[in-house]
Amino acid sequence: MMSSFRGKVTAGLAALVLGGMLLAAPAAQAKKLYVVTATTDMAALAQEVGGDKVEVESIAKGYQDPHFVEAKPSFLLKLRRADLLILVGLDLEIGWLPPLITQSGNPKVQVGASGYLDASQFAEILEKPTGQVTRAMGDVHPLGNPHYWLDPENGRRVAQGIADKLAQMDPGDAAYFQQRFADFSRRLTEAEKRWDAEMAPYRGRKVVTYHKSWPNFAKHFDLDVAGYIEPRPGIPPSPGHTLELIQQMKRDNVKVVLVEPYFDLKTPNSIGAATGAKVLVMLPSVGGEPAVNDYFQLFDHDLALLKQAFDSTK
Ligand SMILES: [Zn+2]
């Protein structure tokens, strides 16, 4: 699989080179730092603290499964001229990003270089493995849960880390980045007060989720994730596991099922029909829907959906 993937990217890039589309970055853009992020959530946080001193672009779209992104030649064009690459890390992007980094030939963003920023170092990470790390069971979370941005406190930590990095790369604007971070942090504190108050009546409510995307979110908002539609992260649902889950949901009175927008609704809907649970398509990322354009709108959107679902399934 990997070799055909590489072949595709190489062939695509060659076609672009032949087409004369590989132009040097225009001089006018030289002053802004060009920040490429693996995902839209990292882009949203980078934009918050970078303001108009940066140009930010995400490789993955917000409606895509960040574990499995189909590589396109346009990704290489972005990486070629990036000053800084920000990734979620913890192997979230391992299926698609490493070969792109290598093939970009951009020394600034190679693993360990000064323009390579793994944002997981700033965040609180849940589900860290204690035993030997293995992918034998197909687990796509071998280093701990990579969906950490869904706790707003981790958003704050990552934003601070990005602000520090930008200040280091562009010392002349260090005060600007720190001021942007302070402003983001203040707005986040205000939003969190509102979010926490909205969710207070639902503390301890049980949910089932398709993928393990929500442990940080559940921890922050005090929800109880009672089970998963995937038998293990990255492994599609099986009839046996689904039956067990249905029995468990009936026993524990679980009435809400959260599904990320990139999964097939067939199994979730059959679980909903068997248990009377409400199936909600919850967005794990900024840009999951066109109206969700920044980090605040992501939580506004998801919490409104959740509140509605909890209210209608008492
Ligand atoms: Zn995952």
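Bear in mind these aren't lab numbers, they're just calculated from the coordinates by the rules spelled out. Note that this is a predicted model, so its numbers are computed, not measured. Here Cβ is always computed from backbone atoms with ideal geometry, including for glycine, and neighbour counts include all displayed protein chains.
Think of the chain as having a plus end and a minus end, set by charges on the Cβ of Lys, Arg, Asp and Glu; of LEU265, ILE162, ASN216, LEU265 sits farthest toward the positive end of this dipole. The Cα-based radius of gyration of the chain, divided by its Kirkwood radius, gives an Rg/Rh of 0.99. Of all lysines in the structure, those lying under 24 Å Cα to Cα from LYS78, and not within fewer than 8 positions of it along the same chain, are LYS8, LYS31, LYS32, LYS53, LYS61, LYS108, LYS165.
The long axis of helix 2-18 is offset from the longest Cα principal axis of the chain by roughly 40 degrees.
What are the aspartates and glutamates whose alpha-carbon lies under 19 Å from the alpha-carbon of LYS314, with same-chain residues fewer than 8 places away excluded? Partners found: GLU198, ASP222, ASP224, ASP252, ASP302.
Placing unit charges on the Cβ atoms only, positive for Lys and Arg and negative for Asp and Glu, gives the chain a dipole magnitude near 380 debye about its Cα centre.
Look at THR39, THR242, THR267, THR102 and count the other Cβ atoms within 10 Å of each Cβ; fewest to most, that gives THR102, THR242, THR267, THR39. The fraction of all Cα pairs in segment 162-276 landing in successive 5 Å bins from 0 to the largest distance is 2, 10, 16, 15, 12, 10, 9, 9, 7, 5, 3, 1, 0, given as whole percents. Of the chymotrypsin sites (Phe, Trp or Tyr not before Pro) found in segment 38-84, those in coil by DSSP whose Cβ has at most 14 other Cβ atoms within 10 Å are PHE68. In summary, segment 224-294 shows an alpha-carbon radius of gyration equal to 1.16 times the 2.2 N^0.38 Å reference for compact globular proteins. Between 0 and 90 degrees, rounded to the nearest ten: what's the tilt of helix 239-252 against the longest Cα principal axis of the chain? Result, in degrees: 60. Going from the fewest other Cβ atoms within 10 Å to the most, the residues LEU33, LEU305 appear in the order LEU305, LEU33. Within the shell defined by Cβ-Cβ distances under 14 Å, the residues around GLY51 carry a net charge of -2, with Lys and Arg each +1 and Asp and Glu each -1. Computed from the alpha carbon atoms alone, the convex hull of segment 264-314 holds 74 Å³ per residue.
Relative to the 2.2 N^0.38 Å rule of thumb, segment 99-188 has a C-alpha radius of gyration ratio of 1.33. Taking every alpha-carbon pair under 8 Å whose residues sit at least 6 apart, segment 43-171 reaches a relative contact order of 26 percent.
Which of rounded, prolate, oblate describes segment 40-127, given a ≥ b ≥ c as roots of the alpha-carbon gyration tensor eigenvalues and a/c under 1.5 marking rounded, otherwise prolate only if a/b is larger than b/c? Cα axes put segment 40-127 in the rounded bin.
In degrees from 0 to 90, rounded to the nearest 10, what is the angle of the helix 174-199 Cα long axis to the longest principal axis of the chain? In the chain, helix 174-199 runs at an angle near 10 degrees to the longest axis.
Scalar couplings 3J(HN,Hα) for segment 63-74, obtained by applying the Karplus form with A = 6.51, B = -1.76, C = 1.60 to θ = phi - 60°, are 9, 9, 6, x, 6, 9, 10, 6, 5, 10, x, 4 Hz; x denotes Gly and Pro.
Using the 10 angstrom Cβ neighbour count as an exposure proxy, how do ARG205, ARG232, ARG251 rank, fewest first? Please list the in-between numbers first.
On the way: ARG205 21, ARG232 13, ARG251 9.
The order, fewest Cβ neighbours first, is ARG251, ARG232, ARG205.
Centre-to-centre separation between the Cα atoms of segment 196-211 and those of segment 213-242: 13 Å.
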